[in-house]
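Student: Submitted below is the structure of interest, expressed as structure tokens.
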Amino acid sequence: MNLTPLSSRKPYEGNTRKLVIAFDVGTTFSGASFAKLEPGLPPNIQGVTRFPAQHKVGGNSKIPSIIYYDSHGVVKAVGAEAVEEGFLEIAQDEGYTKVEWFKLHLRPKNLSSQIADSDLPPLPAGKSAIDIFSDFLKYLFHCTRQYIVEMNYNGESYWKSVEDNIDFVLTHPNGWEGRQQGLMRQAAVKAGLVQAKSAQERIQFVTEGEASLHYCITTGNLDAIKNTNEGMIIVDAGGGTIDLSAYRKASGDASGGWSFEEIAPIQCCMQGSIFVTRRARAYLHSRLSNTRFGNPEDVQRISEVFDATTKLGFRDSSAPYYIRFGGMRDTERTVDIRNGQMKLAGDVVAQFFKPSITAVVDAVQSQQNSTGIPIKTVILVGGYAASDWLFSNLCTELAGKGCTVFRPDGHLNKAVADGAVSYHLDRCVSVRTARFSYGIEAAIPYLPQFPDHKSREHLAYESVSGVVRLPGYYSEILAKGTTVREESEFRQDFSRTFTSIKKKNLGKIQHVILCFKGDGEPPDWISDDKTSFSTLCTVESNLWSLARQSRQKYSNVTNTLYHEIEFEVVLLLGMTELKAQVAWIENGSEKRSPATIVYNDE
């Protein structure tokens, strides 16, 4: 595809009309975009710009990621409706429960040590994170449907023509993995977006970083980047996470099109804008203690005003800033509160931002170090990108690392939702980079002449075939940093031995896939760095048909009759979601069977 605003997008080649809807459920704000696919016409990406109770129609394409529940768990208000002054009075009188930041309850627990579940606003009794996510998706879907119906002539008729032919794209932070995708898919089914039987096919996922890249392409913001041997980093600075994705342009097809290649493992920092407010709140809690404003309600109120005004307007660490939270009678000179506003020194406010800035600079440095391609451009998008202090400091810090930082024009907070639709339509990324090392635990033949084998002699066992084996060996399928094309397959040989063939034992064979998240190269033996290994997923397959055709063997060593089957687990790791198959040779030709991927609870 050409790197222009995609007015030149190819006509839709399908025979029936279709609809693509993307939901970007963010930590603090969420949005939706869509594209109508009409046979013979080029699709056009549009954002949902009208939500209930949203006063600035057409400008802000996002709503707050907030839900209120009553004591029975019934949804009472969502999004912009949940922040209206009239509703807030009702919510207080009725004792409704406010839920925010619910997305972070789904995060991988190993993503960051900077946040624990206890740091997040609690979920209502009887509600799981999937329940909340589902209710929010249901609301976004309702609003999107209403918007599309209202903007089309004979809108109800149009909706009926596509309601059974809608593909959905859900976005998530770079640091989320297959388990989080599975939870989001469960929530989408629960919300009524699709039926369970079609969820795998009709729901796709894309990282916020890759969606942001597609947004920059569709808006023409990357036209000036001409050199295919020069890298760039998309920094999507959001409410909860800051996601970094490094790419370079790659020459495309004969028609002069272009695609992008990921050139370094993606990064995800738990340092979004909410953590600036979180640090400010901790400071206010400490400073206001032992004053009449030190109660939790006032600290929360002042923190909310900081979040809504002071944080966004902060530009100069040498100037004082004010949090206007009260009236003329609200004065406490010992903590610089006069006439309802609290004075903060600029260098104090700067400290609230510092960890975010440091995290981005370190992540950029890490991506520069992990690729041989020079990275000279950083593109800052996302809601947090509107902070002039963040932008100016990144410009200064990254200039020393040879990078120029710029912010694209337009509504930065709609980049992910629009880009997610573009991902579905355009697929601009042809190569991705493995974030971790992936492999399996293998039992290899015991060779006592090797010291590492000899030291593990007590673990050796004799298999039914008579071979003495040593468990705990890490057999790598894919090394960290490997570049992977979408169609790339990675295979791992397996063999299983059985003394008897029973369908109940072979109808669901499990293969555990591991990942190594430590520094450097993974060790040969899992026990040498056990804490750095974790279970990525379990691949389940039905090997009954393969086992039935296996021939019985005899071991002279164990004096045992047994069956042995040999097969390969095929992993497709080049897409935004892991897929797996099982392959084997039957009558000289390869046979394949679909495999189910199961993610364990963390």
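The values are calculated or read from the model by the stated rules, or taken from the named source; none is laboratory data. The model shown is predicted, which means the values in this text are computed figures rather than measured ones. Quick reminder, even Gly has a Cβ in these numbers, built from the backbone with ideal geometry, and neighbours come from all protein chains shown.
Student: Taking segment 520-557 as the search range and keeping residues that are modelled with pLDDT under 90 and of a type in the set (D, E, K, R), which one is farthest from the chain's Cα centre (by Cα)?
Tutor: If we take residues in segment 520-557 being modelled with pLDDT under 90 and of a type in the set (D, E, K, R), then K553 is farthest from the chain's Cα centre (by Cα).
Student: Could you grab the pairs with beta carbons closer than 8 Å, sequence gap of 6+ or different chains, first residue in segment 477-490 and touching a residue at least 12 places away in the same chain (Cβ under 8 Å), second one part of a loop (DSSP other than H, G, I, E, B) and aromatic (F, W, Y)?
Tutor: From segment 477-490, the pairs are K480/F436.
Student: Now for a separate question. Using the structure shown, decide if T483 is farther than 24 Å from L111 by Cα and in contact with a Ser or Thr (Cβ under 7 Å, 6 or more places away or on another chain).
Tutor: Working: farther than 24 Å from L111 by Cα: no; in contact with a Ser or Thr (Cβ under 7 Å, 6 or more places away or on another chain): yes.
Taking the combined requirement at face value, the residue does not satisfy it.
Student: How many residues are more than 28 Å from H458 (Cβ to Cβ) and not aliphatic (A, V, I, L, M) if we restrict to segment 527-555? Walk me through it before giving the result.
Tutor: Initial filter on segment 527-555 (more than 28 Å from H458 (Cβ to Cβ)): 536-537, 539-554.
Narrowing further to those that are not aliphatic (A, V, I, L, M): 537, 540-542, 544-545, 548-554.
The total comes to 13.
Student: Find all pairs meeting these conditions: Cβ atoms under 7 angstrom apart; at least six residues apart or on different chains; first residue within segment 376-393 and under 18 Å from L222 (Cβ atoms); second residue among the acidic types (D, E) and surrounded by 24 or more Cβ atoms within 10 Å (Cβ to Cβ).
Tutor: From segment 376-393, the pairs are V381/D236; G382/D236.
Student: For residues that are without any contact (Cβ under 8 Å) to a residue 40 or more places away in the chain and within 17 Å of H72 (Cα to Cα), tally how many sit in segment 105-124.
Tutor: From segment 105-124, those without any contact (Cβ under 8 Å) to a residue 40 or more places away in the chain are 105, 113, 116-118, 120-123; that's our starting set.
Now narrow it down to the ones that are within 17 Å of H72 (Cα to Cα): 122-123.
Within segment 105-124, residues that are without any contact (Cβ under 8 Å) to a residue 40 or more places away in the chain and within 17 Å of H72 (Cα to Cα) number 2.
Student: Just checking, how many residues over segment 177-191 are assigned to a loop (DSSP other than H, G, I, E, B) and not small (G, A, S)? First the steps, then the outcome.
Tutor: If we filter segment 177-191 for residues that are assigned to a loop (DSSP other than H, G, I, E, B), which is where we start, we get 177, 191.
Now narrow it down to the ones that are not small (G, A, S): 177.
Qualifying residue count for the region: 1.
Student: Name every residue in segment 157-173 that is more than 30 Å from G209 (Cβ to Cβ) and in a helix (DSSP H, G or I), in order of residue number.
Tutor: We begin by selecting, within segment 157-173, every residue more than 30 Å from G209 (Cβ to Cβ); these are 157-161, 163-164.
S157, Y158, W159, K160, S161 - these are the residues of segment 157-173 that are more than 30 Å from G209 (Cβ to Cβ) and in a helix (DSSP H, G or I).
Student: Ok, one more. So if I check each of T396, T334, which one is exposed (fewer than 14 other Cβ atoms within 10 Å of the Cβ), over 30 Å from E210 (Cα atoms) and not assigned by TED's automatic domain parsing to the domain that holds S30?
Tutor: Working: T396 fails: over 30 Å from E210 (Cα atoms).
After applying the criteria, what remains is T334.
Student: Next question, about the same structure. Might you check whether a residue that is within 28 Å of the chain's Cα centre (by Cα) and aromatic (F, W, Y) occurs anywhere in segment 313-329?
Tutor: Taking segment 313-329 first, the residues within 28 Å of the chain's Cα centre (by Cα) are none.
No, that holds for no residue.
Student: Please work out which residue is modelled with the lowest pLDDT, limiting yourself to segment 1-31 and to residues that are surrounded by 13 or more Cβ atoms within 10 Å (Cβ to Cβ) and of a type in the set (S, T, N, Q). It would help to see each step written out before you state the result.
Tutor: Taking segment 1-31 as the starting set, the residues that turn out to be surrounded by 13 or more Cβ atoms within 10 Å (Cβ to Cβ) are 1-6, 9, 12, 17-31.
Checking the rest, the ones that are also of a type in the set (S, T, N, Q) come to 2, 4, 27-28, 30.
Numbers: N2: 33, T4: 39, T27: 94, T28: 94, S30: 95.
Among those residues, the one meeting the criterion is N2.
Student: Give me the residue from segment 501-519 that is in a loop (DSSP other than H, G, I, E, B) and at pLDDT 90 or above and, out of that set, farthest from L543 (Cα to Cα). Let's see the steps before the verdict.
Tutor: In the first step, residues of segment 501-519 are kept if they are in a loop (DSSP other than H, G, I, E, B); the result is 501-502, 507-508, 517-519.
From what's left, at pLDDT 90 or above: 517-518.
Details: K517: 31, G518: 34 Å.
So, considering only residues that are in a loop (DSSP other than H, G, I, E, B) and at pLDDT 90 or above, the one farthest from L543 (Cα to Cα) is G518.
Student: I've got another one for you. Report yes if some residue within segment 195-207 is under 19 Å from Y139 (Cα atoms), part of a loop (DSSP other than H, G, I, E, B) and outside the structural domain of G272 (by TED's automatic domain parsing); otherwise report no.
Tutor: yes
Student: Ok, one more. Limited to segment 473-500, what total is found for residues that are over 16 Å from I526 (Cβ atoms) and assigned to a strand (DSSP E or B)?
Tutor: Summing the residues that are over 16 Å from I526 (Cβ atoms) and assigned to a strand (DSSP E or B) in segment 473-500 gives 12.
Student: For segment 437-459, what are the residues that are of a type in the set (S, T, N, Q) and under 21 Å from L514 (Cβ atoms)? Steps first, please.
Tutor: Step one: filter segment 437-459 for residues of a type in the set (S, T, N, Q), giving 437, 449, 455.
The one that is of a type in the set (S, T, N, Q) and under 21 Å from L514 (Cβ atoms): S437.
Student: Given the options F34, F51, name the one that is modelled with pLDDT of 95 or more and either basic (K, R) or in the same structural domain as A82 (by TED's automatic domain parsing) (or both).
Tutor: Details: F51 fails: modelled with pLDDT of 95 or more.
One residue alone meets the criteria, F34.
Student: Continuing with the same structure: Which residue out of R485, R496 is under 28 Å from the mean Cα position of the chain (by Cα), basic (K, R) and either under 30 Å from N369 (Cα atoms) or buried (at least 17 other Cβ atoms within 10 Å of the Cβ) (or both)? If you could, list the steps in order and put the result at the bottom.
Tutor: Values: R496 fails: under 28 Å from the mean Cα position of the chain (by Cα).
Step by step, each of R485, R496 is checked, and only R485 is under 28 Å from the mean Cα position of the chain (by Cα), basic (K, R) and either under 30 Å from N369 (Cα atoms) or buried (at least 17 other Cβ atoms within 10 Å of the Cβ) (or both).
Student: From (1) in contact (Cβ under 8 Å) with a residue 24 or more places away in the chain; (2) under 28 Å from the mean Cα position of the chain (by Cα); (3) closer than 21 Å to A442 by Cα, pick out the condition that doesn't hold for G574.
Tutor: Only one criterion is unmet by G574, namely (3).
Student: Quick test of your reading of the structure: Y423 fulfils all but one of (1) over 23 Å from the mean Cα position of the chain (by Cα); (2) buried (at least 18 other Cβ atoms within 10 Å of the Cβ); (3) hydroxyl-bearing (S, T, Y). Name the failing condition by number.
Tutor: For Y423, the failing item is (1).
Student: What tally of residues in segment 328-345 results from selecting those that are free of Cβ contacts under 8 Å to residues at least 40 places away in the same chain, in contact with an Asp or Glu (Cβ under 7 Å, 6 or more places away or on another chain) and not in a loop (DSSP other than H, G, I, E, B)?
Tutor: 1
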